[in-house]
Every structure is written in C-alpha cells, then in structure tokens.
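Quick notes on the structure that follows.
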Amino acid sequence: MRQFTDENLGALDVVECLKNAGRSIKDIKVFMELVSQGDATLAELQAMFYDLKQRLQAKLATLEETMKMVDFKCAYYTQAVAERYVKEAMHRVD
C-alpha cells in the first residue's frame with residue numbers, strides 16, 4: 001500500500017492536466033525535472049504554462065468553430081430528414 005503526500009497528489013494533478021492538454025510524456029518529464037530544480041526554474045515553468053495556455057486557447061477556438069459547423073449540420077439534416085418524410089407521405093398512396 002502506497003501513501004502519497006499532498007505534494008505528491010498535487011504533482012499528479014498537474015501531470016494529469018498536462019496529459020489532458022495534449023502534452024507529450026517527454027514534455028511532462030521536462031516539467032517534472034524543472035520542478036525538481038526548485039525556484040531557479042520558476043521563470044521557465046511560467047513560460048511553459050503561458051505557452052500551453054496559448055495553445056489551448058487556439059485549440060479551443062478551433063473546436064468552437066468545429067462545433068458551429070456540427071450544430072449547423074445537425075440542424076440541416078434534421079430538417080432534411082423531416083422534409084423527406086413529409087414529401088414521401090404526400091406522394092404515398094395507401
């Protein structure tokens with residue numbers, strides 16, 4: 001059975017965040033090495049997270065544009081399916 005400190009759990013949260021943000025194992029390893037070096041790397045860590053933030057904002061903007069297209073296509077095909085059923089019903093002889 002392992003026991004983790006709050007510091008260990010905090011580090012795991014950051015690692016999970018970096019993974020979710022699409023960072024590679026190599027990038028996460030660099031992050032962990034920088035953290036282990038202490039305050040001397042604070043500026044580098046800060047730059048790393050500002051870069052990550054910028055990348056995520058760009059990705060989010062792309063995803064928002066993609067979602068707009070998906071929403072449009074959902075509405076379009078919902079209407080097309082409904083109209084097709086109406087047209088088929090109008091031409092059906094029972």
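Can Thr78 be described as open to solvent by less than 70 Å² (accessible area, probe 1.4 Å) and out of contact with any Phe, Trp or Tyr (no Cβ under 6 Å at 6 or more places or on another chain)? Working first, answer last.
Numbers: open to solvent by less than 70 Å² (accessible area, probe 1.4 Å): no; out of contact with any Phe, Trp or Tyr (no Cβ under 6 Å at 6 or more places or on another chain): yes.
Against the criterion (open to solvent by less than 70 Å² (accessible area, probe 1.4 Å) and out of contact with any Phe, Trp or Tyr (no Cβ under 6 Å at 6 or more places or on another chain)), Thr78 does not qualify.
Among Phe49, Phe31, which is at negative phi, open to solvent by 70 Å² or more (accessible area, probe 1.4 Å) and not polar (S, T, N, Q)?
Details: Phe31 fails: open to solvent by 70 Å² or more (accessible area, probe 1.4 Å).
Checking each option against the conditions leaves just Phe49.
Please specify each residue of region 52-65 satisfying the condition of being open to solvent by 60 Å² or more (accessible area, probe 1.4 Å), among the aliphatic types (A, V, I, L, M) and touching a residue at least 12 places away in the same chain (Cβ under 8 Å).
Narrowing region 52-65 to residues open to solvent by 60 Å² or more (accessible area, probe 1.4 Å): 53-57, 59-60, 62-65.
Going one step further and asking which of them are among the aliphatic types (A, V, I, L, M), we end up with 56, 60, 63.
Answer for region 52-65, where residues must be open to solvent by 60 Å² or more (accessible area, probe 1.4 Å), among the aliphatic types (A, V, I, L, M) and touching a residue at least 12 places away in the same chain (Cβ under 8 Å): just Leu56.
Scanning region 6-35 for residues that are among the aliphatic types (A, V, I, L, M) and either free of Cβ contacts under 8 Å to residues at least 24 places away in the same chain or not in a loop (DSSP other than H, G, I, E, B) (or both) returns Leu9, Ala11, Leu12, Val14, Val15, Leu18, Ile25, Ile28, Val30, Met32, Leu34, Val35. For the criterion of being at pLDDT below 95, surrounded by 10 or more Cβ atoms within 10 Å (Cβ to Cβ) and assigned to a helix (DSSP H, G or I), Glu83 passes.
The values are calculated or read from the model by the stated rules, or taken from the named source; none is laboratory data. If you're wondering where the values come from, they're calculated on a predicted model, not measured in any experiment. For neighbour counting, all protein chains shown are included, and Cβ atoms are generated from backbone atoms with ideal geometry for every residue, glycine included. All accessible areas refer to the heavy atoms of the entire protein, side chains included, with ligands and DNA or RNA removed. Shrake-Rupley method; radii C 1.70, N 1.55, O 1.52, S 1.80 Å.
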